[in-house]
Amino acid sequence: MIARIRQGLGVYDSAQRRAVVAKRLAQPLCPLVPERAKRSAEERRHQLRTSLEGQSATFIEVARASDIPAAVARMLRSANLPLRVRTGDDPFLRGLPWQTEPALERTTGSAHDDDEVGLSHATAAVAETGTLVMTSGAENPVTLNYLPETHIVVVEDKTMVGGYEGAWDKIRARFGSRAMPRTVSFISGPSRSADIGGQLVMGAHGPRRLCVIFVRG
Amino acid sequence: MSAITSPDFKNNARAALADRQLQRALSEVPRGLAARRGAARAGLPEFEALRDLGRDIKNHTLAHLDLYLEEFERKASEAGSTVHFAATAEEAREIIVRICREAGARVVTKGKSMISEEVGLNARLEAEGLQVVETDLGEYLVQIRGETPSHIIAPAIHLTQEQVEADFRHLHRHLPADRVLIEPAQLVAEARQILRDKFLTADVGITGANFLIAETGSSVIVTNEGNGDLTQSLPKVHIVLASIEKLVPTLEDVSTLIRLLARSATGQDISTYTTFSTGPKRADDPDGPQACHVVILDNGRSELLGTEFQDVLRCIRCGACMNHCPVYTAIGGHAYGWVYPGPIGSVLTPALIGVHSAGHLPNASTFCGRCEEVCPMRIPLPGLMRHWREAEFSGGDTPLLYRLGLKAWAAVAKRPRLYHGLVRIVMPVLGALGRRAGSFRHLPLARGWTRHRDLAAPQGRTFQAQWADRKAGVPR
């Protein structure tokens, strides 16, 4: 196949062509990043919130990480959901003062079909389009993103970036250059479909409800 | 391969125009998508500049495709994937059958993949005794009806809600007969319940890929439903089926294309789920597939490299060209007679199945140019259709009468004095004959035109004659 491609292109395997490709891979180009992906930190939070809400997600802001357990419990009660969440082995989530919500039950591991609520911690959040960046692993198993009907995602202010390029910087910093976890998921709202009669319906196969808890401090 | 009815395009189109269900389904959805694209484009001032950049990224990749493919294979293998190259549709089918057999698979779930339609994968897997379940809701609808997708991103765009309800009642007999299925939400919930079972029992999950990334060996899928994610995360084996032109160099390059894709396709700023997968699950992953295979298909594409049709390999399958096409929105996708409908199909289909079978498609265009105007990859679709028309003519596929007509026309048009002389005679005659009605309902040699509309009668004098008078100072 490679030989056929070279023949079609009328090229040879030359050192010069290899150098062009090697350079592009070593130093990715981003000659044009849109203005909406380059806003100030203060504007970004507003941008993230309005984009996610526009995409039918709910957005809750809390002042400190220690407020998260109460926010989770409040959200579940207001949605008439059981006080039970499935979560990974994420150190940040594990370290929260869950004892303040004794009625809230947490179990750890990948999602099963009967888990109603998944709780994850985002690796980054992209303000440009209101996009949560999730990376798979024992800390945040990938199935939590897709199987439960309700997905709660905790976003820390310091992980917010303007555009997708900023998310790649964070991923490279964590996993190394030219390396990825099994799954990087960009999530920009609850699951949806417009395949029946062109009408938009939430909860096609993934979560019907996406709730973002944003920690300012 | 899917059954080809492209040679029958004219009859297909006539039937589509007379199909009232289809016309009702087509009356809103494609236009709605087109309107939403316009709004999304207006929300991103850099959109046109990003289109230039997207075109350049793909041109660069195609010019170095051999090296980027090698690099992708190296990085994907490093991450634990097995990369297979398939020169033909048959090779791709056999590779996938072998993987399923070795996995001892019985149930296969699928995310939406046009390449899978192109190679006719489902029929082959079913012949192997496998249960194959399409999980994209639209794709599921066409699968249970025994149809094929009529649009590359909205496969069931030709169906009305009432047709879906009837199908569900017919097929899902184990559910109560008196259940309420009035709202689309009720139909979606029923499909969710049925397909959830399949996700959980599948042994192999097959997805397509919107992009393959050379930098990291990753494949990317874009969905709104999350079906592709359940397909590739739950079974023990994940197979990615993608064609060679899906390659892009880096994550930054993909970011630019993502900014263009959903805006052009559905008018969203980004699709709900954009997922990058790289290799099988890692040692400490509690979930994800144990094995990952990437099947990279050529199927005639490498023959387009270095030809005038190379540009078509820039396509990112957004569907904007069909949403904006007056022909597609009048007849829908099935009339085109193979996997890829609309303007992109009119260029791609002759390349993949031969201009002899698909010669009608590049002729099914008004050359209005809207497809090229909206294509995020700036593919010169009308120009490429013209190339196919020329190829069809020089290949002898054009019918004799048509060829003679074209030759006669060329002979006259190339001789201005003869042309003007003839027009000066014909015009007043037609003018006199048609003056009373103002138009003709029937005309010899112009039945193709007058069957569907009247031809306005000339007013008597030619433009050239009026122009000459005006230059000579004759008052009007």
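The values are calculated or read from the model by the stated rules, or taken from the named source; none is laboratory data. Given the structure is predicted, the values throughout are model-derived calculations rather than measurements. Glycine gets a Cβ as well: all are built from the backbone with ideal geometry, and neighbour counts include every protein chain shown.
Taking every residue in segment B:293-311 that is facing chain A (nearest Cβ under 8 Å) and pairing it with any residue that is surrounded by fewer than 22 Cβ atoms within 10 Å (Cβ to Cβ) and charged (D, E, K, R), at least 6 positions away or on another chain, the pairs with Cβ-Cβ distances below 6 Å are B:SER302/A:ARG4.
Applying the condition of being β-branched (Val, Ile, Thr) and more than 16 Å from B:PRO155 (Cα to Cα) to segment B:327-350 and asking which residue is surrounded by the fewest Cβ atoms within 10 Å (Cβ to Cβ) yields B:VAL327.
So that you can scan it fast, the table gives a plain yes or no per residue for (1) within 14 Å of chain A (Cβ to nearest Cβ); (2) within 30 Å of B:LEU305 (Cα to Cα):
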site: B:ARG20; (1), (2): no, no
site: B:ALA35; (1), (2): yes, no
site: B:PRO45; (1), (2): yes, no
site: B:ASP56; (1), (2): yes, yes
site: B:HIS60; (1), (2): yes, yes
site: B:LEU65; (1), (2): yes, yes
site: B:ARG74; (1), (2): yes, yes
site: B:ILE95; (1), (2): yes, yes
site: B:LEU121; (1), (2): no, yes
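A single member of B:GLU118, B:GLU165, B:GLU190, B:GLU183 is of a type outside the set (Ser, Thr, Tyr) and under 30 Å from B:ASP298 (Cβ atoms), and it is B:GLU118.
Within segment B:84-98, residues that are under 16 Å from B:LEU352 (Cα atoms) have Cβ atoms under 8 Å from residues that are of a type outside the set (A, V, I, L, M, F, W, C) and outside any loop (DSSP other than H, G, I, E, B) in these pairs: B:ALA87/A:ARG4; B:ALA89/B:GLU118, counting only partners at least 6 apart in sequence or on another chain. Within segment A:138-183, the set of residues being out of contact with any Asp or Glu (no Cβ under 7 Å at 6 or more places or on another chain), under 30 Å from A:LEU83 (Cβ atoms) and among the hydrophobic types (A, V, I, L, M, F, W, C) comprises A:LEU144, A:ILE152, A:VAL153, A:VAL154, A:VAL155, A:MET160. For B:ARG24, are the conditions met, namely being charged (D, E, K, R), within 12 Å of chain A (Cβ to nearest Cβ), in contact with a helix residue (DSSP H, G or I) (Cβ under 9 Å, 6 or more places away or on another chain) and touching a residue at least 60 places away in the same chain (Cβ under 8 Å)? Judged against the criteria, B:ARG24 is not a match. Selection of segment B:425-441 for residues being surrounded by 14 or more Cβ atoms within 10 Å (Cβ to Cβ) and not in a helix (DSSP H, G or I) yields only B:PHE440.
Report yes if B:SER264 is small (Gly, Ala, Ser), modelled with pLDDT of 95 or more and closer than 22 Å to A:THR129 by Cβ, otherwise no. Here the answer is yes, as B:SER264 does meet what is asked. Restricting attention to segment A:141-179, the residues that are at the interface with another protein chain (Cβ under 10 Å from one of its Cβ atoms) and part of a loop (DSSP other than H, G, I, E, B) add up to 8.
Residues that are in a loop (DSSP other than H, G, I, E, B) and within 30 Å of the chain's Cα centre (by Cα) within segment A:8-48 comprise A:GLN27, A:PRO28, A:LEU29, A:CYS30, A:PRO31, A:LEU32, A:VAL33, A:PRO34, A:LYS38, A:ARG39, A:SER40, listed in sequence order.
Out of the residues in segment B:442-476 meeting the condition of being surrounded by 12 or more Cβ atoms within 10 Å (Cβ to Cβ) and in a loop (DSSP other than H, G, I, E, B), tell me which one is modelled with the lowest pLDDT. The selected residue is B:GLY460.
Looking only at residues in segment B:43-92 that are touching a His at 6+ places or on another chain (Cβ under 7 Å) and polar (S, T, N, Q), the one that is surrounded by the fewest Cβ atoms within 10 Å (Cβ to Cβ) is B:THR82.
Candidates are the residues of segment B:233-246 that are more than 22 Å from B:ALA89 (Cβ to Cβ) and within 11 Å of chain A (Cβ to nearest Cβ); the one that is surrounded by the most Cβ atoms within 10 Å (Cβ to Cβ) is B:SER233.
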